[in-house]
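One structure below.
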Ligand code: CA
């Protein structure tokens, strides 16, 4: 799950990004409307968290352009302005939910999860592979009805492998999907996460095979 956060208050943006990353989401952050418009035009995100009061292009215009491009991702609007006309305009422009500042981080995360569930078919939320069941919104994995405890990073690795079910995922693809732009990630760190995940999946009979020079392949053991 990849989120774009558009917020010009750096301290608030930092807090939101950290919280969501700890919950296992990849978060990219931009601080202006122009950057948001560019990022949305050229990347694919699962959800947008959008502040309305932004320098340059304001949030409502970012939203209007997004919907004009027929991009349907769910949008959660953040605003200090809780005036009725802002809410109405935002909804007219295609926002899915609102949060008025100040808010608590757990409430933001709850809204994000609710929007992701609403935006997807039930079948999309849960990915099943062999004995594994992955609730992509609740960020929980079970094998044969037993919970497997995975870190946020391990969950992200598994999610990418599952999305490409049955095909090889390159190391670059893994890194790209696991981390936001402003996180420095070494191949080494990524490999450590793959290694840990492999050990945790082993008892369930699911293997992550290393394909030399190509990447990784998820497979069930015969
Ligand atoms: Ca602002």
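I want to confirm something. Restricting to region 1-45 and keeping residues that are assigned to a loop (DSSP other than H, G, I, E, B) and within 12 Å of the ligand (Cβ to nearest atom), which single residue is surrounded by the most Cβ atoms within 10 Å (Cβ to Cβ)?
Filtering region 1-45 down to residues assigned to a loop (DSSP other than H, G, I, E, B) leaves 1, 7-9, 23-25, 31-32, 43-45.
Subsequent filtering for residues that are within 12 Å of the ligand (Cβ to nearest atom) retains 7-9, 31-32.
Details: 7: 24, 8: 16, 9: 15, 31: 16, 32: 15.
Checked region 1-45; the qualifying residue surrounded by the most Cβ atoms within 10 Å (Cβ to Cβ) is 7.
Of all residues in region 73-102, those that are free of Cβ contacts under 8 Å to residues at least 40 places away in the same chain, away from the ligand (no atom under 14 Å from the Cβ) and part of a loop (DSSP other than H, G, I, E, B) total 4. Elements of the type strands (runs of 3 or more DSSP E) sitting completely within region 122-205 and holding at least 2 residues that are within 22 Å of residue 27 (Cβ to Cβ) and in contact with a helix residue (DSSP H, G or I) (Cβ under 6 Å, 6 or more places away or on another chain): there are none.
Tell me, please, whether a residue that is surrounded by 19 or more Cβ atoms within 10 Å (Cβ to Cβ), farther than 30 Å from residue 12 by Cβ and modelled with pLDDT of 90 or more can be found in region 108-123. Among the residues of region 108-123, not one is surrounded by 19 or more Cβ atoms within 10 Å (Cβ to Cβ), farther than 30 Å from residue 12 by Cβ and modelled with pLDDT of 90 or more, which makes the answer no. Criterion first (buried (at least 19 other Cβ atoms within 10 Å of the Cβ) and in contact with a strand residue (DSSP E or B) (Cβ under 6 Å, 6 or more places away or on another chain)) does residue 141 satisfy it? Considered against the rule, which asks whether it is buried (at least 19 other Cβ atoms within 10 Å of the Cβ) and in contact with a strand residue (DSSP E or B) (Cβ under 6 Å, 6 or more places away or on another chain), residue 141 comes out as yes.
Quick one: is residue 86 modelled with pLDDT under 85, surrounded by 17 or more Cβ atoms within 10 Å (Cβ to Cβ) and in contact with a strand residue (DSSP E or B) (Cβ under 7 Å, 6 or more places away or on another chain)? Against the criterion (modelled with pLDDT under 85, surrounded by 17 or more Cβ atoms within 10 Å (Cβ to Cβ) and in contact with a strand residue (DSSP E or B) (Cβ under 7 Å, 6 or more places away or on another chain)), residue 86 qualifies.
Restricting the search to region 46-58, which residues are more than 11 Å from the ligand (Cβ to nearest atom) and either over 22 Å from the mean Cα position of the chain (by Cα) or free of Cβ contacts under 8 Å to residues at least 40 places away in the same chain (or both)?
We begin by selecting, within region 46-58, every residue more than 11 Å from the ligand (Cβ to nearest atom); these are 46-49, 56-57.
Within region 46-58, 56, 57 qualify.
The values are calculated or read from the model by the stated rules, or taken from the named source; none is laboratory data. As the structure is a computational prediction, the values presented were derived from the model and not from experiment. Here the Cβ is made from the backbone with ideal geometry for all residues, glycine too, and neighbour counts use every protein chain on show.
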